[in-house]
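Nothing in this text is a laboratory measurement; each read-out follows from the coordinates by a stated rule. No experiment lies behind these values; they were computed from the predicted model shown. We place every Cβ from the backbone using ideal geometry, glycine too, and count neighbours over all the protein chains shown.
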Amino acid sequence: MPAIPHATPTPVARLAWLDALRGIGAMAVVAEHLLPWFLPALRPYWFNIGVYGILVFFLVSGYIIPTSLERHGDVRTFWISRIFRLYPLYLTVIALALALAWWVPVREQVPRDGTAVAAHATMLLDVVSVGGVVDTMWTLSYEMVFYLLVTALFLVGGHNRSGSLSIGFGVAAVAIGLVVPGALLVGPWPAYVTCAVFLVGMVFVVWGRFRTTAACVLGLMALVALMFSSRVPWLGAAVVAVMFAGTAIHRWERGTGPLWPVAVTTALVAVAPLWAIESGWWWVRADVWWTTIVLAGATFAGGMALRGRRLPKVLVWLGLISYSLYLVHHPLLKYFVEISGDLRWSAVPYQLGMAALAVAAILAVSTLTFLYVERPMQVVGRRISGRSARGLQGRGQAGMAGERPRHDGILGHQERQVPDGVRDHVREGDVVG
């Protein structure tokens, strides 16, 4: 991964460059799905533009989430905010896809039984080998795994070992790839068990009683699912390694950790698919995979290098609506193609015009869903979590039975320095999208 200038950025600049990176990542994923349908001649094969965008997102999440954990907020506040941040749009998109299934059928990878409900309820889709109603939802599985892991680590005081954790997951990615041909825990029960554990565990985490125990159980559950029931286990471990590498970069930037674990993790992730039993896709060929990793790392490094400068407003805005972009673009493209017909063999000028029209529609709908679904529900979540936090303060921050008050904090929002309604997307530490 390219070297990153060692300096302490100002808070506002740091937020802008993170938004810009999200905007780049979101549009890269949009391009990955748009080009094969609209402009197949322009699709690059020397790197995977979709995986590139996803890796940028994972680095951003790893960079900001655990360090926010250590600065502000509490566990209850974080999870209430997360629920209101993630689920409203997520459920809206699912409802839309199901409502229009008479026109564009739900893809075959989604089971037609209770496992689909259980897996979608937790967002742990890919780690229990269940297809999402919307294709891009698979990455949310790894964001959720990461949230559960860092929650448990923080509550037991293990959150400062991000460098070691990134290397550990990198080693796991290589080892699993060498010996595991696919998910070892198969069938419907992983989805049902993880759903039950998730729901009960979240009750205790938010309620406060036995919080540390519940968080540790959830973290262990996430780890077992990641390693043994993921659709591609080595890839799941590699993804989490990348996220902890993002945390290690932040610690190095702050002078609280070395940078060499990031280099070691990069090397491990780079070689993980080369000898993996479960492999063979074009995007994990050495030349393609390595180029994709280098470009993602270079983009992240470039964002850090420019964090003290004024960035293009369009990139910041794209980052602000990136969760909407990520979730709505793929179903919208499917609906667009149903109307326009197959464009792959059309004249290039016509393809360009239709692609521009599709992108405009995606941006318009994503803006609307951000303004009228995401942002209002974020406000509701902040109000509820704010009342919860005031309730705790009213009790003198005494904590709940069975918990240590000094551990009652996670994933706070260093973004609160920015006015409401302007930076809501960054405010929550954000997920892929």
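Rounded if a/c is under 1.5, else prolate if a/b is larger than b/c, else oblate: which is segment 11-427, with a ≥ b ≥ c the root eigenvalues of its Cα gyration tensor?
Working: a/c = 1.36, a/b = 1.29, b/c = 1.06.
Verdict is rounded for segment 11-427.
Classify segment 41-121: rounded, prolate or oblate, from the alpha-carbon gyration tensor (a ≥ b ≥ c, eigenvalue square roots; a/c under 1.5 rounded; otherwise prolate if a/b is larger than b/c)?
Working: a/c = 2.70, a/b = 1.20, b/c = 2.25.
Because a/c hits 1.5 or more and a/b fails to exceed b/c, segment 41-121 counts as oblate.
Using 1/(1 + (r/R0)^6) with R0 = 22 angstrom and r between the beta carbons of Trp102 and Ile339, what's the FRET efficiency to the nearest 0.05? Could the numbers behind the result be given before it?
On the way: r = 15 Å, r/R0 = 0.69.
It comes out at approximately 0.90.
Using the beta-carbon distance between Arg254 and Ala41 and R0 = 45 Å, what value does 1/(1 + (r/R0)^6) give for FRET efficiency, to the nearest 0.05?
Values: r = 45 Å, r/R0 = 1.01.
E between Arg254 and Ala41, to the nearest 0.05, is 0.50.
I'd like to compare 78-85, 89-96, 348-355, 35-42: which one has the highest average count of other Cβ atoms within 10 Å, and what's the full order after that?
Values: 78-85: 22.0, 89-96: 18.2, 348-355: 14.6, 35-42: 16.2.
Packing proxy ranking, top to bottom: 78-85, 89-96, 35-42, 348-355.
Could you give the nm distance between label points at Trp207 and Leu371, where each point is 7 Å from its Cα heading toward the beta carbon?
4.2
Taking segment 185-266, which trypsin sites (Lys or Arg not before Pro) meet the DSSP loop condition and have no more than 12 other C-beta atoms within 10 Å? Before the final figure, lay out each step's value.
Numbers: sites: Arg209, Arg211, Arg231, Arg251, Arg254; in loops: Arg209, Arg231, Arg254.
Counting only loop positions with at most 12 other Cβ atoms within 10 Å, the trypsin sites (Lys or Arg not before Pro) in segment 185-266 are Arg254.
Find how much the distance from Val186 to Arg383 grows on full extension, using 0.36 nm per residue of separation minus their present alpha carbon separation; answer in nm with one decimal. Mind dumping the intermediate values first?
Values: separation 197, 0.36 × 197 = 70.92 nm, distance 4.08 nm.
Extra length available between Val186 and Arg383 comes to 66.8 nm.
Going by average Cβ density within 10 Å per residue, which order do the peptides 238-246, 145-153, 331-339 take, highest to lowest?
Values: 238-246: 28.8, 145-153: 25.9, 331-339: 16.7.
Descending packing order for the listed peptides: 238-246, 145-153, 331-339.
Note down the relative contact order for segment 11-427 as a percent, whole number, built from C-alpha pairs under 8 angstrom at least six residues apart. Before the final figure, lay out the partial values.
On the way: 657 pairs, mean separation 143.8, N = 417.
Result for segment 11-427 is 34 percent.
Is the shape of segment 143-227 rounded, prolate or oblate, going by the alpha carbon gyration tensor and its root eigenvalues a ≥ b ≥ c, with a/c under 1.5 for rounded and a/b larger than b/c for prolate? Mind dumping the intermediate values first?
Details: a/c = 3.45, a/b = 1.22, b/c = 2.83.
Because a/c hits 1.5 or more and a/b fails to exceed b/c, segment 143-227 counts as oblate.
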